[in-house]
Structure formats: structure tokens, C-alpha cells
Amino acid sequence: MTEVPVEDDLCTRIRRSEQALMAHHEAVLRTYGLTMTQYTVLLALSREGGMSGSQLARFCGVTQQTMSSVLTNMETKQLIRRQTSPVHAKVQIASLTDQGRALVDRAYQEVVILERALTDAFTPSEHAALCELLERATTVLIQHTRQASAPPGA
């Protein structure tokens, strides 16, 4: 087996890109008093409307316990409000307050600058190819994570 230098390893490159992206977003969001998870919640609610804590946890890739803490903090900051679901009495539906909507709109205007810079770094065909390749890589990563998580012999 031929060893590939770590710097040429695809997983390492994906991780470095993700770290650079997260570092940028965290620096921008810090100026708004937001964490990445809080911003993602605000963005999801602005696009999807009301969502339960479990829906938001899945959307953000965090546990329900973590999301419960995040939502409590955001409710305290008056960025969201939670109301009992009309369908399930034990389920709370989170939605944006006017303050939350204004904050996500302001933060998005800065976050989108990087998106535009990345888009501008590629030709339209390179951009389309990169998006397709990243989707394919994500599918492989998810499949391998599921396989690694499965009980032996399953």
C-alpha cells in the first residue's frame, strides 16, 4: 500500500476547508452575539417558519438536550418564542420574534459575503462541479458514518 502524504489526503482537505469556513462564520457571528448553532436556528426559522426543538436539533446536527439549552438561551434573549404545538400538547414550536428576524437578517448580510467570494473564485461550470462533488463526498461520508455506527453483524 502506498502511503499518501497527509497534506494530500482528501479528508484532511475537507476538514481544513470546514475549519476555515467555521472560523470565518464564528468570527462574524461573534460580533452579533451569536454562536453558529444559534445562527443556524435563526436561519432555519426564517426560512421554514415554526419548528420543534427536535426538528431544529436534526437541522443543526446537535442533540435534543443541546438544542433545548440553545433555545432556552435564545428565548431569554428574546430572539425566539416558543408556543405549545396545536397538534401535540408536549411539543413546543419555536418561531422568530421581530428582534430575532432583524438579527438574522443583519448577520446574513455579512455571512453571505463569503458565499459570494467563494462563488466568484470559480467559473460557473467549476462552481457547479464543486457543488456536485461536495454532495457526492458528503453522501460517502454519511454512509461510512452509518456503517461505523452500526452494531457488528448488523
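Within region 44-54, restricting attention to residues that are surrounded by 17 or more Cβ atoms within 10 Å (Cβ to Cβ) and in a helix (DSSP H, G or I), which residue is farthest from the chain's Cα centre (by Cα)? Per the stated criteria, the residue is GLY53. Among the candidates GLN65, GLN83, GLN78, the residue that is in contact with a strand residue (DSSP E or B) (Cβ under 6 Å, 6 or more places away or on another chain) and either in a loop (DSSP other than H, G, I, E, B) or surrounded by fewer than 15 Cβ atoms within 10 Å (Cβ to Cβ) (or both) is uniquely GLN83. Based on this model, can you work out whether THR72 counts as at pLDDT 95 or above, open to solvent by 100 Å² or more (accessible area, probe 1.4 Å) and farther than 24 Å from ARG136 by Cβ? Here the answer is no, as THR72 does not meet what is asked.
Summed over region 102-126, residues that are in a helix (DSSP H, G or I) and either open to solvent by 100 Å² or more (accessible area, probe 1.4 Å) or over 22 Å from LEU79 (Cβ atoms) (or both) total 13.
Listed by first and then second residue, the pairs with beta-carbon distance under 8 Å, at least 6 apart or on different chains, first residue in region 21-38 and closer than 20 Å to MET67 by Cβ, second outside any helix (DSSP H, G or I), are GLU26/THR35; LEU29/THR35; GLY33/LYS77; THR37/VAL62; GLN38/LEU79.
The values are calculated or read from the model by the stated rules, or taken from the named source; none is laboratory data. Just so it is clear, the structure is predicted and the values come from calculations on it, not from any experiment. Using ideal geometry, Cβ is built from the backbone for each residue, glycine included, and neighbour counts are taken over all protein chains shown. Protein only, heavy atoms only, side chains kept; ligands, DNA and RNA dropped before computing areas. Shrake-Rupley method; radii C 1.70, N 1.55, O 1.52, S 1.80 Å.
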